[in-house]
Amino acid sequence: MRRITLVFSLALALFFLLGNFPAFAQSRDGQGSDYFFPQVADGSYSGGAYSTSFTFSNIFSGTDNLITLSFFKQSGAAWSVKLASQDRTDLGGTFSKKTFTLKRGESLEIYTQGSDPLAVGWAMVTADFPVVVSAVFQVFEGGRVTSEGGVLAAPLATEFSFYSTVTRDEPTIGTNIDTGFAVINPSLQSSSRITATLFSQNGAQAAQNFIDLNPMSQKAIFVSQVFSGFSFGSQFHGRIRLSSNVNIAAVAIRQTSGKSNTISTVAVQPESNLGYGIMYDREPNGDYNTSQPILSLPMEIIGTMANPLDPQFTGDIDMYSIRLEAGQTLYVMMIHEYLNCSLGADIILRNSQGTQVANAGGNNLRSPLIYAAQTSGAYYIDLGCLKNNGVTTCGRGAFYRMHVMVK
């Protein structure tokens, strides 16, 4: 086990931040993929320490990947942090920005040493090519890990919602729960005015307050502190909504205190994701009897043209059913080349008798399928990928996103 001075912690940092230390955020100045982590905690306190660990895997680019890990104080200023890595000694040292090469197929971990006075901020990872990256918060007390939590990079959006708990004696007598969150404004010049709204369990608005963030700055706080004038009582279960004039990123944790001292991450949902449904290709779905019904619109379908008989397969068919009323127009847009996938497939629309009424073959599916229904009834979106002369672009890597809309 690492010494306490070499610990790492991200999610946990957020929870303690609300009571004793600040939070973290990250900013970008590269041209590749960006990954934001709105909370980083590092440093020691009486009886323990906090630290944050970042893990990287280069599995997609097929080549070496240039990575930049940047740290920022709550004010947005550069934050010099003591780093260490048991995987590569060249990654150790004190930096506010560390650029390194992640070799093809390489995986490694970098963590903050937790030896400085306790502080919090935020971080950003910029990569030349997509990379698998995540962070872990850890709390060390008495030479042992007492709690930890892992988080993925946070997306940017203007509106977020997440579940909130502020209670006493839950789940057992003597244990209390509060929900904390960290939010960053990664804009280089624009200030953020965030409207924080508290909703009760039944969806009624309970309280409202405002959080102002300068460019590149961060704020970490407990829900009970944001709405300090609201009476939560002995048990409050509800949700928080954050609405900002510019894109922000947020991470949330649930912290226990009293007889228990643990943290766990809380899912923070960008509300932009709630404007459409998401369904997944589930095999078998290759004929009329097994076709997957599209019940809400608009819909994003996430799938892969891989036959269950893989690897001895000749192709795959994914079929989705939808009801159209006469006069309605169906739009089907296939996205795969934008995902760096060389899938070759055809989209055929069939009516309830199985007769083809439209198709979007050719042009590598760059053009949408558009069909104005003449009659009401069930229709079938038939997505097919077949082996041709021994050549196929089907398989486990033949993934797609298909967007379906009716007007």
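A Cβ distance below 8 Å, combined with a sequence gap of six or more or placement on separate chains, defines the contacts here; from segment 338-360, residues that are in the same structural domain as residue 287 (by TED's automatic domain parsing) reach residues that are surrounded by 16 or more Cβ atoms within 10 Å (Cβ to Cβ) and among the polar types (S, T, N, Q) in the pairs 342/393; 343/393; 344/392; 344/393; 345/393; 357/351. Taking strands (runs of 3 or more DSSP E) as the structural unit, those lying wholly within segment 208-319 and holding at least 2 residues that are closer than 30 Å to residue 386 by Cβ correspond to 277-280, 299-304.
Tell me which residues, restricted to segment 178-193, are in contact with an Asp or Glu (Cβ under 8 Å, 6 or more places away or on another chain) and crowded, with 22+ Cβ neighbours inside 10 Å. Scanning segment 178-193 gives a single hit, 192. Considering segment 155-177, and only residues there that are assigned to a strand (DSSP E or B) and polar (S, T, N, Q), the residue that is surrounded by the most Cβ atoms within 10 Å (Cβ to Cβ) turns out to be 164.
Residue 314 - would you say it is among the β-branched types (Val, Ile, Thr), modelled with pLDDT under 85, surrounded by 15 or more Cβ atoms within 10 Å (Cβ to Cβ) and assigned by TED's automatic domain parsing to the domain that holds residue 295? Judged against the criteria, residue 314 is not a match.
Contact map, segment 285-312: first residue closer than 17 Å to residue 352 by Cα and free of Cβ contacts under 8 Å to residues at least 40 places away in the same chain, second residue of a type in the set (S, T, N, Q) and assigned to a loop (DSSP other than H, G, I, E, B), Cβ cut-off under 9 Å, separation 6 or more or different chains; pairs are 285/291; 286/307; 292/285.
If you check 329, 393, which single one turns out to be touching a residue at least 24 places away in the same chain (Cβ under 8 Å) and touching a Lys or Arg at 6+ places or on another chain (Cβ under 8 Å)?
Checking each option against the conditions leaves just 329.
For residue 322, the test of being of a type outside the set (Phe, Trp, Tyr) and surrounded by 19 or more Cβ atoms within 10 Å (Cβ to Cβ) is passed.
Would you confirm whether any residue within segment 366-373 is more than 18 Å from residue 402 (Cβ to Cβ), in a loop (DSSP other than H, G, I, E, B) and not assigned by TED's automatic domain parsing to the domain that holds residue 60? Among the residues of segment 366-373, at least one is more than 18 Å from residue 402 (Cβ to Cβ), in a loop (DSSP other than H, G, I, E, B) and not assigned by TED's automatic domain parsing to the domain that holds residue 60, which makes the answer yes.
Every residue, every condition in (1) surrounded by 20 or more Cβ atoms within 10 Å (Cβ to Cβ); (2) hydroxyl-bearing (Ser, Thr, Tyr); (3) at pLDDT 85 or above, yes or no:
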{"site": "337", "(1), (2), (3)": "no, no, yes"}
{"site": "349", "(1), (2), (3)": "yes, no, yes"}
{"site": "360", "(1), (2), (3)": "yes, no, yes"}
{"site": "363", "(1), (2), (3)": "no, no, no"}
{"site": "390", "(1), (2), (3)": "no, no, no"}
{"site": "407", "(1), (2), (3)": "no, no, yes"}
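The values are calculated or read from the model by the stated rules, or taken from the named source; none is laboratory data. Computed from a prediction, not measured in an experiment: that's the story for all the values here. For neighbour counting, all protein chains shown are included, and Cβ atoms are generated from backbone atoms with ideal geometry for every residue, glycine included.
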